[in-house]
Amino acid sequence: MYIVFIGPPGAGKGTQCRRLVEYLRIPHLSTGDMLRQAQQQKTELGRVATTYMEQGKLVPDHLILEIVRLRLQQDDCDEGCLFDGFPRTREQATALESDLASRNGGLNLALELRVDEAELIERVSRRAQTEHRDDDAAATLQERLRVYRSQTAPILDFYRKRGNLASVNGLGTPDEVFQRIRHEVDSRRNGQGNGQGNTPT
Ligand code: ADP
């Protein structure tokens, strides 16, 4: 199964993605993690990405598409994977659609994790204190929310029109939220999109 996971900063994407890849036993492709790794390894990509990330801005599409494509070419992604934090723009969504067109029936599901902004701001400021993520500072959070609204939220429509979108309420305990996600995933993999009729895979 190929799944994209979409949600604003602080929605709990990281936690839920970890659970979902464990449940489905597919690789977890987090562009945020890939970029942070490039920063730690002090590669050219890491250096360029830092200037955008520190300001809460998106890293340019061509750089993101390059790292995602390289990762997708690895054998473990042949049967599916979970995209976390990608696509974040319409251009990324369109590129992913053509990259997946020839694979296993294409994208199976776009999951949106919904949390209102007041709750997001509270969650992220708590995380900034405990995890010391530079991009969680209050000033960049506002910018990341703005970027989410203007650039990422429009791709929800892109997936809605294709019948791929499932929106999940992100409020509640991590267990409660994961139950909702599992429900969406199970109904897709048992019903449609895997090219194997009703056989759960
Ligand atoms: P979040 O806390 O919003 O889930 P991520 O860990 O996914 O953050 O990403 C951190 C930062 O990395 C983003 O604010 C952005 O600057 C950059 N980034 C990650 N994924 C992408 C992407 N698909 N396109 C552009 N920039 C990205």
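The values are calculated or read from the model by the stated rules, or taken from the named source; none is laboratory data. Keep in mind that what you see is a predicted model, and the values were worked out from it rather than measured. Backbone-built Cβ (ideal geometry, glycine too); neighbour counts: all protein chains shown. Note: accessible area is taken over every heavy atom of the protein model, side chains too, but ligands, DNA and RNA are not part of it. Shrake-Rupley method; radii C 1.70, N 1.55, O 1.52, S 1.80 Å.
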- Order of 171-184, 6-19 by packing, highest average Cβ count within 10 Å first? 6-19, 171-184
- Can you give the helix-only mean residue ellipticity at 222 nm for the chain, where every DSSP H stretch with n ≥ 4 adds -39500 (n - 2.57) and the sum goes over all residues, rounded to the nearest 500 deg cm²/dmol? -16500 deg cm²/dmol
- Query: Measuring from the lowest to the highest alpha carbon on each principal axis, how far does the chain reach, largest first, in angstroms?
  - Reply: 49, 38, 29
- Query: Taking segment 63-139 as the region of interest, what is the percent of Cα-Cα pairs per 5 angstrom bin, listed from the shortest bin to the one with the maximum distance?
  - Reply: 3, 11, 19, 18, 14, 12, 13, 8, 1
- Note on the structure: Taking a ≥ b ≥ c as the square roots of the Cα gyration tensor eigenvalues, with a/c under 1.5 meaning rounded and otherwise prolate when a/b beats b/c or oblate if not, segment 52-100 comes out prolate
- Item | Bins of 10 Å, starting at 0 and running to the largest distance - Cα pair percent for segment 1-53 | 22, 42, 32, 4
- Between the Cα axis of helix 31-40 and the main Cα principal axis of the chain, the angle (0 to 90°, nearest 10) is 40 degrees
- Task: Express in whole angstrom the spacing between the alpha-carbon centres of segment 4-21 and segment 74-91.
- Result: 13 Å
- Note on the structure: Honestly segment 10-104 on the Cα gyration tensor test (a ≥ b ≥ c root eigenvalues; a/c under 1.5 rounded, otherwise a/b vs b/c for prolate or oblate) is just prolate
- Carbon/sulfur fraction of accessible area - the chain, other protein chains in place, 1.4 Å, %: 47 percent
- With a probe of 1.4 Å, find how much accessible area segment 22-132 has per residue, and write the answer as a whole number in Å². 55 Å²
- Task: Quick one: which residues, 5 or more positions from C81 or on another chain, have an amide H under 5 Å from its amide H? H modelled 1.01 Å from N in the peptide plane, none for Pro or chain starts.
- Result: Y2, I3
